[in-house]
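Single-structure report; data block below.
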Amino acid sequence: MSNLTISADRLAGRIEELGRLGRDEQGRLVRVATSDMDRLGRDRFVGWLQEAGLDVAVDRIGNIFGIWQDDTNAGQPPVMLGSHIDTVIDAGIYDGCYGVLAGLEAIESLKEAGFAPARPIVVAAFTNEEGVRYAPDMMGSLVFAGGRNLEEALAAIGTDGSVLGKELERIGYAGQHQPGFLKPYAYVELHVEQGPVLEREGIAIGAVENLQGISWQRIVIDGVANHAGTTPMSMRQDAGVAAARVISFLADRASASPTPTVATVGTIAFEPNAINVIPSRATFTIDLRDPDEMHLREEEMALAAFIDELAASAGVTVHAESLARFEPVTFDARIVSLIEEGARAAGLSCRRMTSGAGHDAQMIARIAPSAMIFVPSRGGISHNPAEFTAAVHLAAGANILLGVAARLAAD
Ligand code: HGY
Ligand code: MN
Ligand code: MN
Ligand code: MN
């Protein structure tokens, strides 16, 4: 199996081609889940699956599966590779797409080499991994893993007021299969690290053994609109200032945390949003993460206590709504070891690590032994058009994925 390799050019070419689909008039990559832009990527991916001679299946939450099976192994629990091809706003071209296209590349290369797997091998592109338009993120894999009721997910209301299920129908990806119609034997997700660790340490492969917990909240603070010129500072109920206090509380507390807590306020809106009106309402989101569940809970409780105090002292009311809450996940030790063995056999440096980002693997780990492979991100940059991973790393990661898939498919 060690002489089986992927076609680095075909993989790189497809990553570039997919990266050109779904750009807005400013040239930004915006393949946000179930949008017309997302459909462009989906259609191209399905085309590649068909060209590779795979069976294509779409489930009711729009997850796309390319299935390599024959009558010797059809119906057996498959080895599943995958990730996502939806993107954030103004995204890079590797996040998610690399893992999906490398999964396809591994299958095609194994097929071309005449490899005969004892079980089917499947590549999956999960719906709405990013959660930018519909919360929570990792939604397609969460529903597939039975972690979210399908009807509830299809009824999700987007930031633009759209309904997820209606949008899936509109773009032609409201599939027939029930989520979970495939029971993976094992799941391996290849992904760019999106962080600085591998590059800083000069390491080629990350064998990801766990993934941190994630807590998403939407906060609405209501104060009283008033005149910016005539209202003394002591008489204000300023939703904007209250929001600013929450944001600095979060940043200061996360920075001082003994564990690698991270806190982000990525969206904020004021109402009525006028230069000379004290904001009556501030609406913003909080993304809080920590590898340790107890500590994540402590951070959430500290935030809730701070908000209660603030509401009383600032004369505002605060409403907090949970948008997503996922506990930290530990991946399958055997598959992590297979990744390390593959790297060693290929003469590649490798280290075990925790994933800071959320991934579909954390959902599939609920129903099948799962693990992840990381390759370095230049400058640790991601969720940014400057996201980049060198071709040599892209090929190395895909070859490790191929080797682990072949090993699991031979079980
Ligand atoms: O938010 C995340 O970590 C992932 O990119 N959805
Ligand atoms: Mn991703
Ligand atoms: Mn992402
Ligand atoms: Mn992910």
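The values are calculated or read from the model by the stated rules, or taken from the named source; none is laboratory data. A quick note: this is a predicted structure, and the numbers were derived from the prediction, not measured. Don't worry about glycine lacking a Cβ; one is built from the backbone with ideal geometry, like all the others, and counts go over all protein chains shown. Areas reflect the complete protein model, heavy atoms only, side chains present, ligands, DNA and RNA absent. Shrake-Rupley method; radii C 1.70, N 1.55, O 1.52, S 1.80 Å.
Condition check ((1) assigned to a strand (DSSP E or B); (2) open to solvent by less than 40 Å² (accessible area, probe 1.4 Å); (3) of a type outside the set (Val, Ile, Thr)) across all residues:
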site: ASN210; (1), (2), (3): yes, no, yes
site: TRP216; (1), (2), (3): yes, yes, yes
site: VAL220; (1), (2), (3): yes, yes, no
site: VAL224; (1), (2), (3): no, no, no
site: GLY240; (1), (2), (3): no, yes, yes
site: ALA244; (1), (2), (3): no, no, yes
site: ALA251; (1), (2), (3): no, no, yes
site: PRO260; (1), (2), (3): no, no, yes
site: ALA269; (1), (2), (3): yes, no, yes
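Limited to region 354-411, what total is found for residues that are within 28 Å of PRO120 (Cα to Cα) and part of a helix (DSSP H, G or I)?
Counting residues in region 354-411 that are within 28 Å of PRO120 (Cα to Cα) and part of a helix (DSSP H, G or I) gives 22.
For ARG133, work out the one condition from (1) of a type in the set (Lys, Arg); (2) away from ligand 2 (no atom under 16 Å from the Cβ); (3) crowded, with 21+ Cβ neighbours inside 10 Å it doesn't fulfil.
It is condition (2) that ARG133 fails.
Let me confirm something: among GLY75, GLY82, which residue is surrounded by fewer than 24 Cβ atoms within 10 Å (Cβ to Cβ) and out of contact with any His (no Cβ under 7 Å at 6 or more places or on another chain)? Give the derivation first.
Details: GLY82 fails: surrounded by fewer than 24 Cβ atoms within 10 Å (Cβ to Cβ).
Answer to the check: GLY75.
Give the residues of region 94-137 that are under 23 Å from ALA409 (Cβ atoms), hydroxyl-bearing (Ser, Thr, Tyr) and within 13 Å of ligand 4 (Cβ to nearest atom), sorted by residue number.
Hit for region 94-137 is TYR98, nothing else.
Quick one: which residue in PHE388, PHE374 is open to solvent by 60 Å² or more (accessible area, probe 1.4 Å), modelled with pLDDT of 95 or more and within 16 Å of ligand 3 (Cβ to nearest atom)? Outline the logic, then answer.
Details: PHE374 fails: open to solvent by 60 Å² or more (accessible area, probe 1.4 Å).
Among PHE388, PHE374, only PHE388 is open to solvent by 60 Å² or more (accessible area, probe 1.4 Å), modelled with pLDDT of 95 or more and within 16 Å of ligand 3 (Cβ to nearest atom).
Would you confirm whether or not region 59-69 contains a residue that is exposed (fewer than 15 other Cβ atoms within 10 Å of the Cβ), closer than 25 Å to LEU402 by Cβ and touching a residue at least 12 places away in the same chain (Cβ under 8 Å)?
To start, the set of residues in region 59-69 that are exposed (fewer than 15 other Cβ atoms within 10 Å of the Cβ) comprises none.
No.
Which pairs turn up if I take residues in region 122-146 that are closer than 23 Å to ALA405 by Cβ and touching a residue at least 60 places away in the same chain (Cβ under 8 Å) and look for partners that are among the β-branched types (Val, Ile, Thr) and within 12 Å of ligand 4 (Cβ to nearest atom) with beta carbon separation below 6 Å, at least 6 apart in sequence or on another chain?
Close Cβ pairs (under 6 Å, with a partner that is among the β-branched types (Val, Ile, Thr) and within 12 Å of ligand 4 (Cβ to nearest atom)) amount to ALA125/ILE85; ALA125/VAL100; SER141/ILE364; ALA145/ILE364.
Quick one: is GLY47 surrounded by fewer than 20 Cβ atoms within 10 Å (Cβ to Cβ) and either outside the structural domain of ALA156 (by TED's automatic domain parsing) or not in a loop (DSSP other than H, G, I, E, B) (or both)? Give the steps one after another, and end with the answer.
Values: surrounded by fewer than 20 Cβ atoms within 10 Å (Cβ to Cβ): yes; either outside the structural domain of ALA156 (by TED's automatic domain parsing) or not in a loop (DSSP other than H, G, I, E, B) (or both): yes.
Against the criterion (surrounded by fewer than 20 Cβ atoms within 10 Å (Cβ to Cβ) and either outside the structural domain of ALA156 (by TED's automatic domain parsing) or not in a loop (DSSP other than H, G, I, E, B) (or both)), GLY47 qualifies.
Restricting attention to region 337-369, and to residues there that are of a type in the set (S, T, N, Q) and within 16 Å of ligand 1 (Cβ to nearest atom), which single residue is most open to solvent (accessible area, probe 1.4 Å)? Please lay out each step first, then the result.
Here is the first cut: in region 337-369, the residues of a type in the set (S, T, N, Q) are 337, 349, 354-355, 362.
Remaining after also requiring within 16 Å of ligand 1 (Cβ to nearest atom): 354-355, 362.
On the way: THR354: 61, SER355: 0, GLN362: 5 Å².
Only one residue fits best here, namely THR354.
Considering (1) more than 16 Å from ligand 3 (Cβ to nearest atom); (2) farther than 23 Å from ALA371 by Cβ; (3) of a type in the set (D, E, K, R), say which one ASP90 fails and leave the rest.
Checking ASP90 against (1) more than 16 Å from ligand 3 (Cβ to nearest atom); (2) farther than 23 Å from ALA371 by Cβ; (3) of a type in the set (D, E, K, R), the one that fails is (1).
Go through region 281-309 and give me each residue that's open to solvent by less than 30 Å² (accessible area, probe 1.4 Å) and either without any contact (Cβ under 8 Å) to a residue 24 or more places away in the chain or within 11 Å of GLY223 (Cβ to Cβ) (or both).
Within region 281-309, ALA282 is the sole residue that qualifies.
Only residues that are over 17 Å from GLU17 (Cβ atoms), touching a helix residue (DSSP H, G or I) at 6+ places or on another chain (Cβ under 6 Å) and free of Cβ contacts under 8 Å to residues at least 60 places away in the same chain: list them for region 33-58, please. Lay out the reasoning, then the answer.
Kept after step one, since they are over 17 Å from GLU17 (Cβ atoms), are these residues of region 33-58: 33-36, 53-58.
Restricting the remaining residues to those that are touching a helix residue (DSSP H, G or I) at 6+ places or on another chain (Cβ under 6 Å) gives 34, 56.
Result: VAL56, single match.
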